[in-house]
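Everything on this sheet refers to the single structure shown next.
Rule-based calculations on the coordinates, nothing more; no lab input. Nothing here was measured: the structure is a model prediction, and the numbers come from that model. Please note: Cβ atoms are built from the backbone with ideal geometry, for glycine as well, and neighbour counts cover all protein chains shown.
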Amino acid sequence: MTSALLSFLARAISTLIAAAALSAGAIAGGAVSVERVSITVSDLDRSVEFFTQTLDFQLLERREMAGEQTERLLGVFGARCQTALLSLGSEQVELVEFVAAPGRPIPDDARSDDRAFQHIAIVVSDMDAAYRRLHASQVRHTSTEPQRLPDWNPGAGGIEAFYFKDPDGHALELIHFPAGKGDPRWQSPNGALFLGIDHTAIVVEDTDESLRFYRDALGMRLVGSGENYGIEQERLNAVFGAHLRITALRAPDGPGVELLQYLAPSTGRDMPADTRTNDLWSWRTVVRMDEQEVPESLRAARAPRISAGPRFPNDRPERVIVADPDRHAVEVHLTTSPSASHAP
């Protein structure tokens, strides 16, 4: 047996051992919930009004944070933030305005296939009525109009969706599930038009690489995958020739996380390397992990740390913000407490 072959086998065995360690760590200390999605905004009052008046979110509380702990968590020196915690159904969204140390706006040429893209999918009981509400509010379109995904796609056929923008240009989605699709609770609207948040979606460069982070390191469960393409998908995303690989993951509680990999076109741009949490395109998916210490799986993933301070495993923070393989921010709460905590 040649030395080159021996070297190859050694690397392969090492990779398998590492993968097994990640899987074991994920099972032992995996994600127990996606607590909320945190969105950086430029004008908190304006954004609260939009989410509550146009989309029927409920305002739960407002807070203001500053000081060393806030600066270290967010990785932004001099940060002072005003936040609003909103709910829709069982899900929550946090809006964060940096009143000190504000970041950069979303570029005018941002596209749905850029890897800075992230949205939340807001479930509606009646797409026509919800679209009329948005049209009356003069929201900015991404989609030309609501799209019904074709029946040839058994996983997505019959689902209606519409992409639009909030006042800062953040991407948002309306989604309507026909009978037999989606969570059964979306079939019991009880008179409400806007029902809750089904998932947050992010654009990724390599699905398998992202799975090693979200599934193996964070411990989320893979619940579905498929490919979407055709004129309906192109008009939904406003990307000509769009052909997506879509992978859905979930924790036991909270909205799901969808990985969107554009198989075509190949023109999507990377997240800017100097992105910080105060930039308006920077969202945070807040995940609770049922463990007091930093899970072995998260340390093994070597996720770049956004929060300031020593890297794993030199400290044991209760909360830390790390970057996924495409630089999307993920805030991990490392605690066994079943109650949700709210802090930016």
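Quick notes
- Chymotrypsin sites (Phe, Trp or Tyr not before Pro) within the stretch 215-294, DSSP loop, no more than 12 other Cβ atoms inside 10 Å: Phe240
- Distance from the C-alpha centroid of the stretch 56-95 to that of the stretch 117-192: 26 Å, rounded to the whole angstrom.
- What the phi angles of the stretch 33-40 give under the Karplus curve with 6.51, -1.76 and 1.60, with θ = phi - 60°, is a coupling list of 6, 9, 5, 5, 10, 10, 10, 7 Hz, glycine and proline written as x.
- Taking amide hydrogens as placed 1.01 Å from N in the peptide plane, the amide H of Ala264 sits under 5 Å from those of His243, each at least 5 positions away in sequence or on another chain.
- Average silhouette area of the stretch 33-264, convex hull of alpha-carbon atoms, in square nanometres: 12.7 nm²
- 14 Å reach of a label modelled at Asp253, 7 Å along Cα-to-Cβ, counting backbone N of the stretch 261-293: 287-291
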